[in-house]
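Below you'll find the structure, written out as structure tokens, and then a few comments.
The values are calculated or read from the model by the stated rules, or taken from the named source; none is laboratory data. Quantities reported herein were computed from a predicted structural model and do not represent experimental measurements. All Cβ positions, even for glycine, are placed from backbone atoms using ideal geometry, and neighbour counts span all protein chains on display. For accessibility, only protein heavy atoms count, side chains too; no ligands or nucleic acids. Shrake-Rupley method; radii C 1.70, N 1.55, O 1.52, S 1.80 Å.
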Amino acid sequence: MNWKILALAAVAGAQLAPVEETTSTPELALLMGDLQRLTHKLALSADAGNTELAAFYLHESQEQLRKIQNETPEYENIPVALLIDRLAHPAYVPMQEAVAAKDAKRMREGIHAIVQACNACHTATQHAFIRITPGTESNPFNQSFAP
Ligand code: HEC
């Protein structure tokens, strides 16, 4: 088929498509997906003993958690902001201290505390089937985590 006809058909289709109802609540799963990526990179940096990079992803992770709290304080009757305050934020303290002390061994322990908090909240919110792991066995990114 001629590409012009294809393009016209696409435009016509777009105009005819019913306007989808937009909800004002951002999709929590998408925000969690970003948090997952940042957590994985934090784990890979910590595992490699890369203090500078771990500090960066630590900061980004904590910022993402605050973003989730602001954008979806409640989600489908789940008190997300409250649970993040109780379960998630405290779990970052050991990592914060390890990064400040440039202590590679404690950074590796710190990642376990964080991953446990992710899973504790998934369990508390009937999402225990979403199981997070440190994921440090291999690096799936086109990025080096070495110091
Ligand atoms: C408020 C408690 C809470 C905390 C803390 C939490 N999650 Fe979630 N997470 C949820 C809920 C609830 C869902 C399901 C969202 C939905 O139904 O759309 C979810 C979904 C997910 C998903 C599925 C979405 C996807 O992209 O595959 C991933 C992955 C995820 N969380 C990762 C994490 C990671 C990593 C952490 C820790 C750094 C974490 N979560 C911490 C409550 C939490």
Test result for residue 61, within 17 Å of the chain's Cα centre (by Cα) and of a type in the set (S, T, N, Q): yes
Every pair of residues 6+ apart whose Cβ atoms lie under 9 Å, when the first sits in the range 118-140 and is within 16 Å of residue 88 (Cα to Cα) while the second is of a type in the set (Lys, Arg) and surrounded by fewer than 16 Cβ atoms within 10 Å (Cβ to Cβ): 118/131; 119/131; 121/86; 122/131
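Tell me the residue from 61, 45 that is closer than 19 Å to residue 132 by Cβ, away from the ligand (no atom under 13 Å from the Cβ) and touching a helix residue (DSSP H, G or I) at 6+ places or on another chain (Cβ under 6 Å), please.
On the way: 61 fails: away from the ligand (no atom under 13 Å from the Cβ).
Going through 61, 45 in turn, the sole match is 45.
Out of the range 72-88, which residues are open to solvent by 40 Å² or more (accessible area, probe 1.4 Å) and under 17 Å from residue 120 (Cβ atoms)? Before the answer, list the steps.
The first filter runs over the range 72-88 and keeps only residues open to solvent by 40 Å² or more (accessible area, probe 1.4 Å), leaving 73-74, 76-77, 79, 82, 85-87.
Matches in the range 72-88: 79, 82, 85, 86, 87.
Determine, yes or no, whether residue 139 is surrounded by fewer than 18 Cβ atoms within 10 Å (Cβ to Cβ) and away from the ligand (no atom under 11 Å from the Cβ).
On the way: surrounded by fewer than 18 Cβ atoms within 10 Å (Cβ to Cβ): yes; away from the ligand (no atom under 11 Å from the Cβ): yes.
For residue 139, the condition - surrounded by fewer than 18 Cβ atoms within 10 Å (Cβ to Cβ) and away from the ligand (no atom under 11 Å from the Cβ) - is met.
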Residue 99 vs. criteria within 15 Å of the ligand (Cβ to nearest atom) and not hydroxyl-bearing (Ser, Thr, Tyr): no
Filter result (more than 7 Å from the ligand (Cβ to nearest atom) and open to solvent by 40 Å² or more (accessible area, probe 1.4 Å)) within the range 121-135: 123, 126, 128, 129, 131, 133
Test: residue in the range 111-118 that is open to solvent by 40 Å² or more (accessible area, probe 1.4 Å) and farther than 16 Å from residue 130 by Cβ: yes
